[in-house]
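The values are calculated or read from the model by the stated rules, or taken from the named source; none is laboratory data. Being a predicted model, the structure only gives us computed values, none of them experimental. Neighbour counts are summed over all protein chains in view; Cβ atoms, including those assigned to glycine, are modelled from backbone coordinates with ideal geometry. Surface areas here come from the heavy atoms of the whole protein model, side chains and all, with no ligands, DNA or RNA. Shrake-Rupley method; radii C 1.70, N 1.55, O 1.52, S 1.80 Å.
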Amino acid sequence: AEPTEYTRVFQGEGYTITAIFGADAEIPEEAEFIAEQITPDTDGEHYAQREAEYQEAVEDENASMRALLKVGFYLDGVEIEPKSPVTLMIQFLDEDGLADGSPITIVHFADEGTEKLDGSRAENNSTTFQMESFSEIAIGYGQEEPVTAEEGSSSIYISRTFDYKDDAFRITFH
């Protein structure tokens, strides 16, 4: 039988990203899952621009972007967009990772514009969220706000867990 769920892991420097997707995502088996971290050192101008967009998206000019990542599936250098949502779990392996229990805000810089995604609260230095398409994502801290019932609940139920670790990162995908 074909597996119904596939997992790909990318080990970055100080972080691990796990992608979990179904067969309906139609991602070829030989496609590579690649994440690239953009830092003030590698591309300061781009980073600063994204940080400004991040602050605008979360409506807080003091919001701090924890990481800027370009994530995607590639086949022969060509990016492949999934046909169905992919669950991503990002784990930071360094000491200044994600503070447990802090609300994580993910901003997806899509071609159509900036999209704020719900990151789960940080657990074991990781956050889990779903993406419909890939491009750059910023991860940072959201405001601690009281959660009201009418905002819709953001609980995620998980049936399977997968861990990925390296020296700097550990990512768990659910």
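Scanning region 54-71 for residues that are within 11 Å of ILE137 (Cα to Cα) and open to solvent by 10 Å² or more (accessible area, probe 1.4 Å) gives MET65, ARG66, LYS70.
If you filter region 127-141 down to residues that are open to solvent by less than 10 Å² (accessible area, probe 1.4 Å) and among the small types (Gly, Ala, Ser), you find that the one that is farthest from the chain's Cα centre (by Cα) is GLY140.
Among (1) closer than 27 Å to ALA31 by Cα; (2) of a type in the set (A, V, I, L, M); (3) touching a strand residue (DSSP E or B) at 6+ places or on another chain (Cβ under 7 Å), which single condition is VAL58 missing? Here VAL58 meets the rest and fails (1).
Open to solvent by less than 40 Å² (accessible area, probe 1.4 Å), within 19 Å of the chain's Cα centre (by Cα) and free of Cβ contacts under 8 Å to residues at least 24 places away in the same chain: does that describe TYR47? In short, yes.
Pick out the one residue from ILE34, ILE38, ILE104 that is within 14 Å of the chain's Cα centre (by Cα), among the aliphatic types (A, V, I, L, M) and open to solvent by 50 Å² or more (accessible area, probe 1.4 Å). Working first, answer last.
Details: ILE38 fails: open to solvent by 50 Å² or more (accessible area, probe 1.4 Å); ILE104 fails: open to solvent by 50 Å² or more (accessible area, probe 1.4 Å).
Exactly one of ILE34, ILE38, ILE104 is within 14 Å of the chain's Cα centre (by Cα), among the aliphatic types (A, V, I, L, M) and open to solvent by 50 Å² or more (accessible area, probe 1.4 Å), namely ILE34.
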